[in-house]
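The values are calculated or read from the model by the stated rules, or taken from the named source; none is laboratory data. Just so it is clear, the structure is predicted and the values come from calculations on it, not from any experiment. Glycine gets a Cβ as well: all are built from the backbone with ideal geometry, and neighbour counts include every protein chain shown. To get the accessible areas, we keep the full protein, side chains included, count just its heavy atoms, and leave off ligands, DNA and RNA. Shrake-Rupley method; radii C 1.70, N 1.55, O 1.52, S 1.80 Å.
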Amino acid sequence: MSRSQQLFERAVKRIPGGVNSPVRAYGAIGETPRFIEKADGAYIYDVDGKQYIDFICSWGPMILGHNHPAIKEAVFKAAEKGLSFGCATEAEVEMAEFICDKIPHVEMIRMVNSGTEAVMSAIRVARGFTKKNKIIKFAGCYHGHSDSMLVSAGSGVMTSGVPDSAGVPVGCTKDTMIATYNDLNSVEQLLVESKGQVAAIIVEPVAANMGVVPPSEEFLKGLRRLCDEHESLLIFDEVITGFRLQFDGAAGYYGVKPDLVTYGKIIGAGMPVGAYGGRRDIMCKVAPKGPVYQAGTLSGNPIAMAAGLTQLRILSEHAEIYDRLQCKGEQLFCGIRQIFKKYEIPYQVHQVASLGCIFFTDENVTNYQTAKTSDTKEFAEYFKFMLERGIHVAPSQFEAIFLSDAHTEQQIQRFQECLESYIVRRKNR
């Protein structure tokens, strides 16, 4: 029995499902989770000593690769002074100044501890600022596990939210309405039917929790127009896309200015951190300046600020990193398309910069409903085949493939070689 199996047997006795986050579970693909001991560059190593090329990158924030020497040094230096103070520090001021100086649509920012907390807080301040209660989100877009965001699509876009998790009262989701991603008509219908009641529309500008689904050419611009027409706020959830597509995130990449934006662990270089920010007049509603309460003892933690500020400075000062990431994304996903074309496999391949996804379906994927046509049983076979050959991808059809600046051309080719071997085996079954 492997050490990962031994650890999992111990874990299931004390941790629900044996993991501290469901995305780490391998149950859907019939495997035992690999317990990771260390990481460096584009590699991770499990407790049994097996090496994997990592295409998860801690779900995105390791954009420079694991264990980057400058970030590690910054963490060590900060840790020497103490791990947590529960008081204001210079590092959090520097982080706020840096982001607000570099990101045009962020005039003020508040540090929190996770993407979930950032979204929860942004929703609250949107309601406090507009004095409206209703929120529009999109089926298949994940915005953390706060009660009001755990909502299923239901049977129609006009139906009020139905809780998507046990333990979430209907009352918590009654003001959350569901629209269809890439469908402006579904959004406009909700705004018209709830005239004057919608505080904000929140969206993943690139949907990356139903696989990777890019916005149509007019979708994000259309959301901006609709928010302006109906006096609602536009919130970009950039927990995944922020500082990844380019330095100013999806807002800059697509040329659409949100009123509020949320960030996640990438601003902590992978450490537990999040943030929300945006227009000054909105953010001035946050306590202690304004009446919208939000607090956190660990917000702006000095170790997380040291790590994150180091990473953001490197990304800001070296624009060529984004050029390299774009090239690596094109190399990986164009190569995958060529493999599918060669073997006449009608699967869908999406890519936005260094994010991408393979959909095991022959249907054009533009939203959650079409993403769900994917063959999850075949995904499980593909996942196990790749894992056995040292390729580490997310154990779910509906997650992204992430590239880092540490990935090499040879590692990308290795991914493609393993995928082609899988396709050949599949064709010969």
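Assorted remarks:
- Taken over region 402-415, residues that are surrounded by fewer than 18 Cβ atoms within 10 Å (Cβ to Cβ) and under 17 Å from Leu387 (Cβ atoms) amount to 1.
- The C-beta contact set for region 20-39 (first residue polar (S, T, N, Q), second residue assigned to a loop (DSSP other than H, G, I, E, B), distance under 8 angstrom, 6+ apart or interchain) comprises Thr32/Ser2; Thr32/Tyr26.
- Subset of region 175-196 that is in a loop (DSSP other than H, G, I, E, B) and surrounded by 16 or more Cβ atoms within 10 Å (Cβ to Cβ) - its residue that is modelled with the lowest pLDDT: Asp175
- Which listed residue, of Phe360, Phe398, is modelled with pLDDT under 95 and of a type in the set (Phe, Trp, Tyr): Phe398
- Of the candidates Leu309, Leu325, the single residue that is in a helix (DSSP H, G or I) and either touching a Phe, Trp or Tyr at 6+ places or on another chain (Cβ under 6 Å) or more than 14 Å from Asp405 (Cβ to Cβ) (or both) is Leu309.
- Residue match in region 242-261 (condition: touching a Gly at 6+ places or on another chain (Cβ under 9 Å), under 24 Å from Val365 (Cα atoms) and of a type in the set (Ser, Thr, Tyr)): no
- Scope region 1-52; condition closer than 27 Å to Ile63 by Cα, open to solvent by 70 Å² or more (accessible area, probe 1.4 Å) and in a loop (DSSP other than H, G, I, E, B); matching residues: Asn20, Asp48, Lys50
- Breaking point among (1) touching a residue at least 40 places away in the same chain (Cβ under 8 Å); (2) more than 25 Å from Phe398 (Cβ to Cβ); (3) out of contact with any Cys (no Cβ under 8 Å at 6 or more places or on another chain), for Glu80: (1)
- Remark: pairs (first residue in region 261-274, in contact (Cβ under 8 Å) with a residue 60 or more places away in the chain; second residue open to solvent by less than 10 Å² (accessible area, probe 1.4 Å) and of a type in the set (Lys, Arg); Cβ separation under 8 Å; 6+ apart in sequence or on different chains) = Ile266/Arg244.
- Residue check, Gln351 open to solvent by 10 Å² or more (accessible area, probe 1.4 Å), in a helix (DSSP H, G or I) and polar (S, T, N, Q): no
- Taking the listed residues Thr361, Thr373, the one that is among the β-branched types (Val, Ile, Thr), over 25 Å from Gln331 (Cβ atoms) and part of a loop (DSSP other than H, G, I, E, B) is Thr373, with no other qualifying.
Results for (1) assigned to a loop (DSSP other than H, G, I, E, B); (2) crowded, with 21+ Cβ neighbours inside 10 Å; (3) under 20 Å from the mean Cα position of the chain (by Cα), shown as yes or no for each residue.
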{"site": "Ile202", "(1), (2), (3)": "no, yes, yes"}
{"site": "Gly211", "(1), (2), (3)": "yes, yes, yes"}
{"site": "Leu220", "(1), (2), (3)": "no, yes, yes"}
{"site": "Arg225", "(1), (2), (3)": "no, no, no"}
{"site": "Phe247", "(1), (2), (3)": "yes, no, yes"}
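- Residues that are open to solvent by less than 90 Å² (accessible area, probe 1.4 Å) and either outside any helix (DSSP H, G or I) or of a type in the set (Ser, Thr, Tyr) (or both) within region 64-86 comprise Leu64, Gly65, His66, Asn67, His68, Gly82, Ser84, Gly86, listed in sequence order.
Okay, residues lined up against (1) farther than 18 Å from Arg280 by Cβ; (2) part of a loop (DSSP other than H, G, I, E, B); (3) touching a helix residue (DSSP H, G or I) at 6+ places or on another chain (Cβ under 7 Å):
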| position | (1), (2), (3) |
| --- | --- |
| Phe98 | no, no, yes |
| Pro104 | no, yes, no |
| Ala122 | no, no, no |
| Ala126 | no, no, no |
| Phe129 | no, no, yes |
| Lys132 | yes, yes, no |
| Ile136 | yes, no, yes |
| Gly144 | yes, yes, yes |
| Ser148 | yes, no, yes |
